[in-house]
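The values are calculated or read from the model by the stated rules, or taken from the named source; none is laboratory data. Everything numeric here is computed off the predicted structure, so don't read it as measured data. Note: ideal-geometry Cβ built from the backbone for every residue, glycine included; neighbour counts use all protein chains shown. The accessibility values were calculated without ligands, DNA or RNA, using every heavy atom of the protein model including side chains. Shrake-Rupley method; radii C 1.70, N 1.55, O 1.52, S 1.80 Å.
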Amino acid sequence: MLDAALKILLIEDNDELREATLAFLQNQGHYVRGVPMAEEIDDVTGGFVPDVYVIDLNLPDEDGLSLTRRLRASHPNVGIVITTARTQIGDKVIGYESGADLYLTKPVHPQELMAGISALGKRLRTASARKDALVLHLSRLHLVGPDGMVDLTASDVQILCALARAPGQSLERWQLAEIIGAGTENMPTAATMEMRIARLRKKLASAGAAQPSIKALHKVGYTLCCPVVLQ
């Protein structure tokens, strides 16, 4: 996945649409396979490990959302694109909560699909280029690293995002306290902050972060010591 070409598996039960989409993606230089239903995925993926799955929600066997959740759980680092005629905002939210990176409403113009896959491919290559990097999925509140996926709280995400985006990946305690306490009446105390940082360190370790993942700056603040890619 270090070049522009991606391995893409399309799960689409409309034969005509599936073949047309496969032809288009192949003409763009990607390696593509297609199946009409979820149960045939294993027949393809034995010698073909996809970088990106493109999934229609209305499949004849397993619902596309169920398939998305299953793939995300077993392959946390792959790209998943949902294509569907379901247009309600609630459907889109469920799609993203199920693990989709992109949710595209049918009919999807081939150029839009290609643009989405290309953007997703760039993010995947960025993460792949740094094997030690952790990937923080902002919308799904979880962290993916060499040792697997870890669920985060909203507070965890606030802290990790703030540190990852800060100059030198360092922030003073008062800065973190303002970020966490924004919009509330109670600002976290130094002791509360240290407890939250300690819990976050354990989660970073569970995902495979090198230690120390977050270093305390004596009487000053904290520094993030491991690479984190925000998605």
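From the list L120, L57, L10, L25, which residue is touching a strand residue (DSSP E or B) at 6+ places or on another chain (Cβ under 8 Å), more than 27 Å from V150 (Cβ to Cβ) and touching a residue at least 60 places away in the same chain (Cβ under 8 Å)?
Being touching a strand residue (DSSP E or B) at 6+ places or on another chain (Cβ under 8 Å), more than 27 Å from V150 (Cβ to Cβ) and touching a residue at least 60 places away in the same chain (Cβ under 8 Å) holds for just one of L120, L57, L10, L25, which is L25.
Considering A177, A166, A154, which residue is within 25 Å of the chain's Cα centre (by Cα) and over 21 Å from R72 (Cα atoms)?
After applying the criteria, what remains is A166.
Is it the case that some residue within segment 211-220 is open to solvent by 40 Å² or more (accessible area, probe 1.4 Å) and charged (D, E, K, R)? Working first, answer last.
As a first pass, look at segment 211-220 and keep what is open to solvent by 40 Å² or more (accessible area, probe 1.4 Å): 211-212, 215-220.
Narrowing further to those that are charged (D, E, K, R): 215, 219.
Within segment 211-220 (the criterion being open to solvent by 40 Å² or more (accessible area, probe 1.4 Å) and charged (D, E, K, R)), the answer is yes, since at least one residue qualifies.
Based on what the data block shows, is A190 within 27 Å of G99 (Cα to Cα), of a type outside the set (S, T, Y) and surrounded by fewer than 17 Cβ atoms within 10 Å (Cβ to Cβ)? Before the answer, list the steps.
Details: within 27 Å of G99 (Cα to Cα): no; of a type outside the set (S, T, Y): yes; surrounded by fewer than 17 Cβ atoms within 10 Å (Cβ to Cβ): yes.
Spelling it out, it is not the case that A190 is within 27 Å of G99 (Cα to Cα), of a type outside the set (S, T, Y) and surrounded by fewer than 17 Cβ atoms within 10 Å (Cβ to Cβ).
I need a count of the residues in segment 79-102 that are open to solvent by less than 20 Å² (accessible area, probe 1.4 Å) and either modelled with pLDDT under 90 or part of a loop (DSSP other than H, G, I, E, B) (or both).
Total meeting the criteria: 6.
Would a scan of segment 125-148 turn up a residue that is at pLDDT 85 or above, open to solvent by 40 Å² or more (accessible area, probe 1.4 Å) and assigned to a helix (DSSP H, G or I)?
Checking segment 125-148: not a single residue is at pLDDT 85 or above, open to solvent by 40 Å² or more (accessible area, probe 1.4 Å) and assigned to a helix (DSSP H, G or I).
Take segment 14-36 and flag every residue that is in a loop (DSSP other than H, G, I, E, B) and either at pLDDT below 90 or closer than 13 Å to M114 by Cα (or both). Explain how you work it out, then say what you get.
Step one: list which residues in segment 14-36 are in a loop (DSSP other than H, G, I, E, B), which gives 14, 28-30, 36.
Within segment 14-36, Q28, G29, H30 qualify.
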